[in-house]
1. For segment 84-98, how many residues meet the condition of being surrounded by 12 or more Cβ atoms within 10 Å (Cβ to Cβ) and polar (S, T, N, Q)?
2. Among the residues of segment 162-181, is there at least one that is surrounded by fewer than 20 Cβ atoms within 10 Å (Cβ to Cβ), modelled with pLDDT under 90 and not aromatic (Phe, Trp, Tyr)?
3. Could you please find all residues in segment 56-106 being within 19 Å of Thr149 (Cα to Cα) and over 15 Å from the mean Cα position of the chain (by Cα)?
4. Which one of Asp74, Asp100 is modelled with pLDDT of 85 or more and on the phi < 0 side of the Ramachandran plot?
5. If you go through segment 99-121 one residue at a time, how many are farther than 14 Å from Asn61 by Cβ and surrounded by 11 or more Cβ atoms within 10 Å (Cβ to Cβ)?
6. Take residues that are in contact with a Ser or Thr (Cβ under 9 Å, 6 or more places away or on another chain) and touching a residue at least 12 places away in the same chain (Cβ under 8 Å) and tell me which of the strands (runs of 3 or more DSSP E) falling wholly in segment 83-197 contain 2 or more.
7. Of all residues in segment 39-58, count the ones that are touching a helix residue (DSSP H, G or I) at 6+ places or on another chain (Cβ under 7 Å) and surrounded by 20 or more Cβ atoms within 10 Å (Cβ to Cβ).
8. Kindly provide the set of residues from segment 129-141 that are touching a strand residue (DSSP E or B) at 6+ places or on another chain (Cβ under 9 Å) and either of a type in the set (D, E, K, R) or surrounded by fewer than 19 Cβ atoms within 10 Å (Cβ to Cβ) (or both), ordered by number.
Amino acid sequence: MKTKILLIIFLSFNLLSCVGVSSSGIFGTGVSVALDPRSVGTQIDDSIMQKNLSARILLMNKKYIISIKSKVLDGRIYLTGKTENPEEKLKLTKLAWETDGVRSVRNDIKIKEEFNFKQSAKDILITSQLRTALILDKNIKATNYQIDTYKKKIYIYGIAITSEEKQKVIKEAEEILDVEGVIASILIVDELRIQKN
């Protein structure tokens with residue numbers, strides 16, 4: 001019963017929060033509605049899928065609210081974070097596939113290992129460097145990208161306006177010192193099902 005009450009409070013807070021100047025609010029996906037190349041309908045569908053998946057993940061286990069991140073773009077679900085064992089990773093993948101309207105699921109969830117402060121600090125530094133590079137480059141819409149780094153591998157999710165922008169984002173990531181790999185799940189506007197007019 002407490003879980004259901006917690007879920008109702010969580011959903012009402014997220015769905016009824018005021019939409020202000022920031023890019024969070026009812027759409028809450030980290031991409032401003034005005035700048036997002038997806039149609040408003042697609043943004044709403046993705047937002048509903050995101051909230052639905054987040055609520056079901058929370059019901060599955062409360063610890064996942066901190067350890068698992070999900071992103072929905074054009075019906076495609078991207079999962080990142082850490083779990084205790086491979087069985088949990090499979091359960092989360094199955095849960096994502098059971099979401100209404102899902103077109104594909106990309107699971108980049110890692111199995112937890114012993115905490116390494118040095119590695120975590122390095123990952124945060126890499127993410128910060130890439131985020132700064134994207135913000136400073138006027139030819140890249142930095143708000144269209146989500147960046148996660150794990151063990152010196154950068155995971156980039158987002159929507160590029162052109163294929164040149166996509167290549168530029170990947171190149172920026174590869175040029176960061178100590179990066180061992182770049183896993184880019186970047187869609188190009190032309191690849192979206194429904195585009196903004």
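1. So the count comes out to 1.
2. There is no residue in segment 162-181 that is surrounded by fewer than 20 Cβ atoms within 10 Å (Cβ to Cβ), modelled with pLDDT under 90 and not aromatic (Phe, Trp, Tyr).
3. Answer for segment 56-106, where residues must be within 19 Å of Thr149 (Cα to Cα) and over 15 Å from the mean Cα position of the chain (by Cα): Thr83, Glu84, Lys89.
4. Details: Asp74 fails: on the phi < 0 side of the Ramachandran plot.
When all the criteria are applied, what remains is Asp100.
5. So the first thing to find is which residues in segment 99-121 are farther than 14 Å from Asn61 by Cβ, and the list is 99-108, 110-111, 113-121.
Add one more test, that the residue is surrounded by 11 or more Cβ atoms within 10 Å (Cβ to Cβ), and what stays is 99, 101-108, 110-111, 116, 119-120.
Qualifying residue count, segment 99-121: 14.
6. 104-111, 145-150, 153-160
7. Initial filter on segment 39-58 (touching a helix residue (DSSP H, G or I) at 6+ places or on another chain (Cβ under 7 Å)): 51, 53, 55-58.
Then drop every residue that is not surrounded by 20 or more Cβ atoms within 10 Å (Cβ to Cβ), which leaves 53, 57.
Final tally of qualifying residues: 2.
8. Filtering segment 129-141 down to residues touching a strand residue (DSSP E or B) at 6+ places or on another chain (Cβ under 9 Å) leaves 130-131, 134, 140-141.
If the condition is that a residue be touching a strand residue (DSSP E or B) at 6+ places or on another chain (Cβ under 9 Å) and either of a type in the set (D, E, K, R) or surrounded by fewer than 19 Cβ atoms within 10 Å (Cβ to Cβ) (or both), then Arg131, Lys141 are the ones that fit.
The values are calculated or read from the model by the stated rules, or taken from the named source; none is laboratory data. In this text, all values refer to a predicted model and were calculated from it rather than measured experimentally. A quick note on method: Cβ atoms are made from the backbone with ideal geometry, for glycine too, and the neighbour counts reach across all protein chains shown.
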